[in-house]
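Engineer: Dropping a structure here in structure tokens format, bear with me for questions.
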Amino acid sequence: MITQDFNASYWQSRYKVSQTGWDAASITTPLKDYFAQLTDKHLRILIPGCGNAWEAEYLFSAGFENVYVADFAEAPLQNFAARVPAFPKEQLLQQNFFDLHGEYDLIVEQTFFCAIAPALRPAYAKKCAELLVPGGKLVGLLFDTEFEMPGPPFGGNREEYQNYFAPYFSFKHFDIAFNSILPRQGKELFICLEKRRL
């Protein structure tokens, strides 16, 4: 049963006391390898629940100009802005993911899905579809494991996840990541889902 309100204040306090065990302190290998094969530097890319946004730093340094990062909490966005001062301030969004608007070609998932209350997972899948253009992609990593401690992070499995995404997306790739970082090997799925065209 979910009793904790995982609001902006909750996440702000986690960053203030450096209680950020999910933070790999750099871009993880599966996403780095995926980004390396992208050729269109004009893609509009959204990274929700971005945290310290190592993925955005990598993309921006690689010449992707239209990267938007969103987080409930102010602290990680401040950390990122200090670390990457050239990043456009108007592309730093301190907002609830479910209140975001706009159209994106690519949404990057990295430890955000596991941070929201599991009851919100169907709404997450629907919101991703709303934010993506037809044919746009949701790409990233989902934990394919259960955690011993109460969440967040919250675990789950591929069968559960498929039910959330199937109404909106075609599954291009949905399997155990072969190149996860060491602590997560065998415990996460790499997903590439394409929004269905009407």
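The values are calculated or read from the model by the stated rules, or taken from the named source; none is laboratory data. None of the values given here were measured: they were computed from a predicted structure. Using ideal geometry, Cβ is built from the backbone for each residue, glycine included, and neighbour counts are taken over all protein chains shown.
Engineer: Can you pull out every residue in region 164-177 that is over 19 Å from Leu131 (Cα atoms) and free of Cβ contacts under 8 Å to residues at least 24 places away in the same chain?
Structural biologist: Those that are over 19 Å from Leu131 (Cα atoms) and free of Cβ contacts under 8 Å to residues at least 24 places away in the same chain: His173, Phe174, Asp175.
Engineer: Give region 180-198 a look and list any residue that's surrounded by 13 or more Cβ atoms within 10 Å (Cβ to Cβ) and among the polar types (S, T, N, Q), or say none.
Structural biologist: Once the filter is applied, which keeps residues that are surrounded by 13 or more Cβ atoms within 10 Å (Cβ to Cβ) and among the polar types (S, T, N, Q), region 180-198 yields only Ser180.
Engineer: Do we have Pro122 as assigned to a helix (DSSP H, G or I) and exposed (fewer than 15 other Cβ atoms within 10 Å of the Cβ) here?
Structural biologist: Against the criterion (assigned to a helix (DSSP H, G or I) and exposed (fewer than 15 other Cβ atoms within 10 Å of the Cβ)), Pro122 qualifies.
Engineer: Of everything in region 104-117, what is modelled with pLDDT of 95 or more and out of contact with any helix residue (DSSP H, G or I) (no Cβ under 7 Å at 6 or more places or on another chain)? Give them in sequence order.
Structural biologist: The answer is Asp105, Leu106, Glu109.
Engineer: For region 149-178, how many residues meet the condition of being of a type outside the set (A, V, I, L, M), surrounded by fewer than 13 Cβ atoms within 10 Å (Cβ to Cβ) and part of a loop (DSSP other than H, G, I, E, B)?
Structural biologist: 3
Engineer: Against the conditions (1) buried (at least 23 other Cβ atoms within 10 Å of the Cβ); (2) touching a residue at least 40 places away in the same chain (Cβ under 8 Å), where does Leu59 fall short? Just the number, please.
Structural biologist: With (1) buried (at least 23 other Cβ atoms within 10 Å of the Cβ); (2) touching a residue at least 40 places away in the same chain (Cβ under 8 Å) applied to Leu59, the lone miss is (2).
Engineer: What is the residue count in region 74-119 for residues that are under 13 Å from Tyr164 (Cβ atoms) and either in a strand (DSSP E or B) or among the β-branched types (Val, Ile, Thr) (or both)?
Structural biologist: Counting residues in region 74-119 that are under 13 Å from Tyr164 (Cβ atoms) and either in a strand (DSSP E or B) or among the β-branched types (Val, Ile, Thr) (or both) gives 2.
Engineer: While we're on this one: Look at Glu146 and say whether it is assigned to a loop (DSSP other than H, G, I, E, B), surrounded by fewer than 18 Cβ atoms within 10 Å (Cβ to Cβ) and among the charged types (D, E, K, R). I'd like the intermediate steps shown before the answer.
Structural biologist: On the way: assigned to a loop (DSSP other than H, G, I, E, B): yes; surrounded by fewer than 18 Cβ atoms within 10 Å (Cβ to Cβ): yes; among the charged types (D, E, K, R): yes.
So Glu146 passes the test.
Engineer: Only one of Ala115, Ala119 is out of contact with any Phe, Trp or Tyr (no Cβ under 9 Å at 6 or more places or on another chain), in contact (Cβ under 8 Å) with a residue 60 or more places away in the chain and within 25 Å of Phe190 (Cα to Cα); which?
Structural biologist: Going through Ala115, Ala119 in turn, just one is out of contact with any Phe, Trp or Tyr (no Cβ under 9 Å at 6 or more places or on another chain), in contact (Cβ under 8 Å) with a residue 60 or more places away in the chain and within 25 Å of Phe190 (Cα to Cα): Ala119.
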